[in-house]
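Read through the structure below, which is laid out as structure tokens, and then see the notes.
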Amino acid sequence: MKHYVALLRGINLGKRRVKMEELRAMFERMGHSGVRTLQASGNVVFASKNGDHATLAAAIEAQIVQTFGFDSPTLVVSAAEIAALIKRDPFAKETLSAGSRTHITFLTQPLGKNRSLPYIAPDKSFRIFPAGSHQLACVVEPTTSSLSYMDYLGKQFGEEATTRTWKTVQKLHDLLSEAG
């Protein structure tokens, strides 16, 4: 069995409410083991025999519709991918001001060479740069609303992306490490 993180988009926003114990139970009914959730924002650590990310994500998305009655685009990331991201630490060489927020955006498709990265907002309120083949690192200055960079990401990547704080990614790595 391999360990994964399912990153569910839009959980517990608006009317899309899900209790974490119900979400864990859904994953267990799907045959996954070692199911743990982090926060109430759609972060699920689990083990599965199926190793295909796209197949896992599609099955989870279908089960969310069946169980909770709404769509939640889902990205599945392996424990190895999370560990490699943590090891690379995309923010290690960044100059961060007091209060800067750091985020990782996970993508369903590889970045490709046609993206204009790094991207620095015209007002320098945020910057985005590659963090891996399927990840972007984002630094948001303390004077900036998260909405401005989320709007930019939405226009560039649509529902093919989901964002977590760097602290959340580190906590997911800790949960995966505990799981083995």
Unit charges at the beta carbon, dipole of the chain: most positive-side option, Met20, Phe68, Pro118: Pro118
Rounded to the nearest angstrom and ordered from largest down, what semi-axes does the equivalent ellipsoid of the range 2-81 get from its C-alpha gyration tensor (root of 5λ)? 19, 12, 12
Separation between the Asn12 and Lys49 pseudo-spin-labels, each 7 Å from Cα along Cα→Cβ, expressed in nm? 3.2 nm
Quick one: compute the contact order of the chain, relative version, from alpha carbon pairs under 8 angstrom and 6+ residues apart, as a percent. 23 percent
Dipole size in debye (nearest 20) for the chain around its Cα centre, Lys and Arg Cβ +1, Asp and Glu Cβ -1? 140 debye
Distance cut-off 19 Å, percentage of C-alpha pairs in the range 68-136 lying past it: 45 percent
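Using unit Cβ charges (K, R positive; D, E negative) and no other charged atoms, how large, in debye to the nearest 20, is the dipole of the range 41-130 about its Cα centre?
Working: 9 positive and 7 negative charges, 83 e Å.
Roughly 400 debye for the range 41-130.
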Express the Stokes-Einstein translational diffusion coefficient of the chain in µm² s⁻¹, to the nearest whole number, given a Kirkwood radius over alpha-carbon pairs, 20 °C and a viscosity of 1.002 mPa s. 127 µm²/s
Quick calc, the range 2-81, dipole around Cα centre from Cβ unit charges on Lys, Arg (+) and Asp, Glu (-), nearest 20 debye, gives 200 debye
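Only the coordinates and a few stated rules stand behind these numbers; no lab work does. For clarity, every value in this text was computed on a predicted model and none was experimentally measured. Please note: Cβ atoms are built from the backbone with ideal geometry, for glycine as well, and neighbour counts cover all protein chains shown.
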